[in-house]
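The values are calculated or read from the model by the stated rules, or taken from the named source; none is laboratory data. All values derive from a computational prediction rather than experimental measurement. Cβ coordinates were reconstructed from backbone atoms using ideal geometry, including for glycine residues, and neighbour counts include every protein chain displayed.
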């Protein structure tokens, strides 16, 4: 995130910006991770005597007049494919985050095999994850002129702090309330910076914005645009219609009525509340160059209300006897965080949970569109207002956050792969299975950095006057009302027959 | 950021904060987790393969998503009344 006192950083227009400017470097490092993950994806092993379905179908069809039934018979002949038949990256077993634990934190460092029940240590994989992240980032730091060797000790300590943050977040009681690792990363950093102060040797590795931008390029690969249509017309109406309306209305409300001093804080809160919580806050915060304190404020608000809503909303739904499909759509459209949506939906019923996660998945995918739109709006309108004169196209290009291009490109490439063929979809799944772990670590690093660079005194003004809280509450109230109306209209009236209500 | 030399008071504050974290995470939270309603809720989430801490849909267990075909039927056919699991749209695992 932007430094609280820094001006907007405009990259140099020379060709050296491609390797000296953090935005471009984030694109290259993200692309490198995606490339490595893609290259390590192995095709499923095929035993020598195993024949493909088509050839077996041909054999069966010799005695059958109907080729379709032959294929069905052939499918019956072939034993079910083993789990390893799915393409998988050989890197996957080396990229981990600590597991869940209930009473003993040491359990977080062991994985339990579901079949045999044996426990294996996660420490080698956790160390390998750290190493795989260290090398490209240390190299990038060296190339950008911030030092290669100086980066390493700071990074190692930050890796340890991120590990601690994960262990705090994976305690089962904490986890069930969706109090995500970013919150504990922030807390760990804040405790250090506000007690003994952040040691100077950590400074070269404290590049939270760089971790966020790289993580967002990786997140782009998880945004598969085909899933925007997962629920057809009802999904479009609930997610595509309500989400932008709430986002824009809340932003205008914050600017015009609440007169928020910072439009970027207004935008980050509006986006995390209307789209999908922390991930939307991170993406839009980077797109509108929000300050790190603004991101912390928005994430704190979002997680607090998520924990509250995931308990209260199912109680209200049960109390009023709301239909489970309408309830699922309402939960999916309103609770910020994805995991919380799944948990709250499940509290209502299995079916409600399924509808809720699909609605939330569509909103998750929408953050690609929202982040791109916010970046364009900020570069062409908000920064123009600050500057006072109309910028040229070249100026707009220079100000545009370039990592957004990597984010959008990753999304388009992986969406194309996933929609093009079943093999492409399997390949995309296997690649993303690796990069999502790296992305998780990068976001955790980013919030540890934000904590280490933030003093409580600098956070206080962002909560002063309670405007962020008022904005969130008003925006969320509108979101609750509109989502309920649209869920009822779509699943309770228009498509009532088709969903068997 | 405050890179100045830490004071003794700073170390005491760090120690106190660490102790508070240890007491909460090693004492209070495990105790809450053992309370019958909480334990039951946690078991329900485990049985349903729900990771309540997921930030993005790709972090959820694919089993929490409805089957793609069943979903299509569910939306387009008047006779579809049930959703099955186990063949989800996002299978990033």
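Yes or no: segment A:198-205 includes at least one residue that is within 21 Å of residue B:55 (Cβ to Cβ), assigned to a helix (DSSP H, G or I) and within 23 Å of the chain's Cα centre (by Cα). Checked against the condition, which is being within 21 Å of residue B:55 (Cβ to Cβ), assigned to a helix (DSSP H, G or I) and within 23 Å of the chain's Cα centre (by Cα), segment A:198-205 yields no hits at all. Residues in segment A:219-245 that are buried (at least 21 other Cβ atoms within 10 Å of the Cβ), at pLDDT 85 or above and within 20 Å of the chain's Cα centre (by Cα) were compared, and the one that is nearest to the other protein chains (Cβ to nearest Cβ) is A:222.
Exactly one residue out of A:275, A:357 is touching a helix residue (DSSP H, G or I) at 6+ places or on another chain (Cβ under 6 Å) and either closer than 28 Å to residue A:451 by Cβ or away from chain B (no Cβ under 11 Å) (or both), and it is A:275.
Taking helices (runs of 4 or more DSSP H) as the structural unit, those lying wholly within segment A:1-119 and holding at least 3 residues that are closer than 27 Å to residue A:448 by Cβ and modelled with pLDDT of 50 or more correspond to A:22-39. Of the residues making up segment A:334-349, one or more are away from chain B (no Cβ under 14 Å), assigned to a helix (DSSP H, G or I) and buried (at least 24 other Cβ atoms within 10 Å of the Cβ). Checked against the criterion of being touching a residue at least 40 places away in the same chain (Cβ under 8 Å) and facing chain B (nearest Cβ under 9 Å), segment A:299-316 has at least one qualifying residue. Taken together, B:38, B:50 contain a single residue that is at pLDDT below 95, within 7 Å of chain A (Cβ to nearest Cβ), under 26 Å from residue A:352 (Cα atoms) and not in a loop (DSSP other than H, G, I, E, B), which is B:38.
The helices (runs of 4 or more DSSP H) located wholly in segment A:382-423 that include 2 or more residues which are at pLDDT 85 or above occupy A:403-420. Being more than 14 Å from every other protein chain (Cβ to nearest Cβ) and surrounded by fewer than 19 Cβ atoms within 10 Å (Cβ to Cβ) is a condition met by at least one residue of segment A:419-433.
Condition (residue is crowded, with 18+ Cβ neighbours inside 10 Å, under 18 Å from the mean Cα position of the chain (by Cα) and not in a helix (DSSP H, G or I)) applied to segment A:290-297: is it met by at least one residue? Among the residues of segment A:290-297, at least one is crowded, with 18+ Cβ neighbours inside 10 Å, under 18 Å from the mean Cα position of the chain (by Cα) and not in a helix (DSSP H, G or I), which makes the answer yes. Restricting attention to segment B:1-23 and to residues that are farther than 13 Å from residue A:191 by Cβ and more than 9 Å from chain A (Cβ to nearest Cβ), the residue that is modelled with the highest pLDDT turns out to be B:23.
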